[in-house]
Amino acid sequence: MATDSDGANIDLTSVRDAVRRQARRATSGIDDMAGYLSEQVADESHREVTGPLLPGTGASGVVRHQGRVVAEWGDAAIPEMLFSGTKSVVATVAGVAFDRGLLDPDAQVSRAVDHPLLTRLGIEGITWHHLLQQTSGWHGELWGKPTEVDAQSRREGFERDGAPGSGWAYNDVRVNLLCLALTVLFRRPLPEVLRAEVLEPLGASSSWSWHGYTDAVVDIDGTATPVVSGGAHWGGGLWI
């Protein structure tokens, strides 16, 4: 047991044991990211990757306590595809909108943001809360990907026909709908919001990037604005 400068005890033995376990964890197949992603989509007719890919390099990480590095493994300076960790970043950006008074979680998205694409997608009755909690139950197609082809939605969730909020499912297409709605709400790309409002104030490095699909572009005030993805089932997402 070691003692930090503020007198707090750290069980370094347990920390190092955990680090050794994490360093041995490897996700099979990530060096061939296209092949890896093809296994994540249920419908073979929609396996085409439409966002950029970054081959994985292996496990890495850093443990900090009270501002001091107490353990690290691998090379944490190499950007990796964050996959569904991106969803937490999407929620953080939504938190920025909440702090600014732009987003009421209980408000219907269709009443908070007005855009022809969102109108065509048929999102009546869906609130920000539904999108953030993955309980919207929205069925449709966005950027060429229908909601029903996301295999994880069936493995990890309980899909139900009914009003928004009656079921839950882990679905990248619906999270991408949230990204679209937030982009229209901010009226600028979400990476700009993340950079200015979160990462630069934190003193983050500049090696990160956030990507969407090739055709994920929406017109906002006459400007073609890219829309990032909230995961990486078809490529893209946050690389950090």
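Points to keep in mind about this one:
- Approximate spin-label separation SER166-SER207, in nm, with each point projected 7 Å along Cα-to-Cβ: 4.9
- ILE240 contributes about 90 Å² of solvent-accessible surface, heavy atoms of the protein only, 1.4 Å probe.
- Order of exposure, largest accessible area first, which applies to ARG187, ARG21 with probe 1.4 Å: ARG21, ARG187
- Amide H partners (placed H, <5 Å) of LEU238, local residues excluded: LEU82, PHE83, THR86, HIS211
- If you plug the beta carbon distance of VAL218 and ARG111 into 1/(1 + (r/R0)^6) with R0 = 22 Å, you get a FRET efficiency near 0.75.
- Gain on full extension, evaluated as 0.36 nm per residue between ILE78 and LEU102 minus their Cα-Cα distance, stands at 5.2 nm.
- Using the Karplus relation 6.51 cos²θ - 1.76 cosθ + 1.60 with θ = phi - 60°, the per-residue 3J(HN,Hα) values for the stretch 198-205 come to 10, 6, 5, x, 7, x, 5, 5 Hz, with x marking Gly and Pro.
- Three-way shape call for the stretch 107-240 based on the alpha-carbon gyration tensor, with the a/c threshold at 1.5: prolate
- Seen against the Cα atoms of the chain and their longest principal axis, helix 12-24 is set at about 50 degrees.
- For the stretch 171-187 and the stretch 7-35, distance of Cα centres in Å: 32
- On the beta carbon distance between GLU200 and GLU39, with R0 = 35 Å, the FRET formula returns roughly 0.45.
- The share of C-alpha pairs in the chain whose separation exceeds 27 Å stands at 42 percent.
- The stretch between THR57 and GLU141, if pulled fully straight at 0.36 nm per residue, gains 27.0 nm over its current Cα-Cα span.
- With the biggest extent put first, the Cα atoms of the stretch 169-240 measure 31, 31, 22 Å across the principal axes.
The values are calculated or read from the model by the stated rules, or taken from the named source; none is laboratory data. Quick caveat, the model's predicted, so the values are computed rather than measured. Using ideal geometry, Cβ is built from the backbone for each residue, glycine included, and neighbour counts are taken over all protein chains shown. Surface accessibility is based on the protein's heavy atoms, side chains included, excluding ligands, DNA and RNA. Shrake-Rupley method; radii C 1.70, N 1.55, O 1.52, S 1.80 Å.
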